[in-house]
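Asker: This is the structure I have questions about; it appears just below.
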Amino acid sequence: MPSFDASALGYVAALLTSVSFVPQAIRTIRTQDAHGISTGMYVTFVAGTGLWLWYGLAIRSLPVVASSTVTLLLSGTILVMKLQLGRGHNSFRPE
């Protein structure tokens, strides 16, 4: 029976989870439009991802730490832009 590499599964899951935020981050940055993004969902998600990062550090799991770090940066960027653009600030728009 072939052996199962759970670590490889973790890395693939981490990659897919992290990469899933790239299209939304690119779209939000390019269009400067965050109207359709739920603030509550992103606040909750960013908080949860921060806790996953903390957990990954506590158990010393590279797949959890790596995916949480990338996902936190991408989703945090989207959240910051949502909050800034929602208040009428165009600090991300080049002049």
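Asker: Where does each of 7-17, 76-86 land if you order them by average Cβ count within 10 Å, highest first?
Answerer: Working: 7-17: 13.5, 76-86: 17.8.
Highest to lowest by the protection proxy: 76-86, 7-17.
Asker: Roughly what angle does helix 62-86 make with the longest principal axis of the chain, taking Cα atoms, 0 to 90 degrees, to the nearest 10?
Answerer: 10
Asker: Quick check: pseudo-label points 7 Å beyond the Cα along Cα→Cβ at LEU62 and VAL22, how many nm apart are they?
Answerer: 2.0
Asker: Additional query: Could you work out how far helix 6-19 tilts from the main Cα principal axis of the chain, as a 0 to 90 degree angle to the nearest 10?
Answerer: It is inclined by approximately 10 degrees.
Asker: Helix-derived [θ] at 222 nm for the chain: sum -39500 (n - 2.57) over DSSP H runs of at least 4, divide by residue count, nearest 500?
Answerer: Counting only the DSSP helices, I get -25000 deg cm²/dmol.
Asker: State the three equivalent ellipsoid semi-axes of the range 6-86, derived from the C-alpha gyration tensor as the square roots of 5 times its eigenvalues, in descending order and whole Å. Provide the component values of the computation, followed by the final result.
Answerer: Values: eigenvalues 129, 36, 13 Å².
Square roots of five times the eigenvalues give 25, 14, 8 Å.
Asker: For a Förster distance of 41 Å, can you work out the FRET efficiency between the beta-carbons of PHE4 and ARG30, rounded to the nearest 0.05? Before the final figure, lay out each step's value.
Answerer: Values: r = 41 Å, r/R0 = 0.99.
After rounding to 0.05, the efficiency reads 0.50.
Since every read-out is calculated from the coordinates, none of them should be taken as a lab result. It should be emphasised that the depicted structure is a prediction, and the values quoted were computed from it without experimental measurement. Here Cβ is always computed from backbone atoms with ideal geometry, including for glycine, and neighbour counts include all displayed protein chains.
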